[in-house]
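The values are calculated or read from the model by the stated rules, or taken from the named source; none is laboratory data. For clarity, every value in this text was computed on a predicted model and none was experimentally measured. Every residue, glycine as well, gets a Cβ built from its backbone with ideal geometry; the counts of neighbours run over all protein chains shown.
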Amino acid sequence: MTAPNGSRNIDGTRTATEATEKAIEALRQHSLTLWWRLTVGVWLTVGPLTLWQLRSEISLLLDYFTWTSVYYGLKYNFLGSVGFFLCVSLASTLIIREIRHLTLGISPIEHKRLEKQLAQIHRQGSSHPLWSLVHRP
């Protein structure tokens, strides 16, 4: 039997939908943590190499900043511009997704993807690496 609010049984156990939502949120948090680690890893590895590649353009920009010098500095340093845009795009994508999540909640597409991932974890059972993540008491 469920309580009048529908969230718990009379004996105090969680309902299936509440447990599923907690598992989906745990998967989302795990995914977010992995994305943060990837972004920080890229900033710590590719970022310094990019700065080293663009060091002459950066010194020129510190003396005479113009948007034209930024344009040509990135246009003629392929590796530096790829590293710069990789670092900036990963960080901005992650921040925008989190702001969107905080304001609007989980999107229906992401919710469905997490439900599929949860179903896959349940199908594989305790041998799945994320089994303990979604089956916390």
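A compact table of results
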read-out: Test: residue in the stretch 36-48 that is modelled with pLDDT of 90 or more, exposed (fewer than 11 other Cβ atoms within 10 Å of the Cβ) and assigned to a helix (DSSP H, G or I); value: yes
read-out: Pair list, Cβ < 9 Å and 6+ apart or interchain, from the stretch 21-50 residues that are among the hydrophobic types (A, V, I, L, M, F, W, C) to residues that are part of a helix (DSSP H, G or I) and exposed (fewer than 12 other Cβ atoms within 10 Å of the Cβ); value: none
read-out: Lone unmet requirement of (1) under 30 Å from GLY105 (Cα atoms); (2) of a type in the set (A, V, I, L, M); (3) more than 29 Å from the chain's Cα centre (by Cα) for LEU38; value: (3)
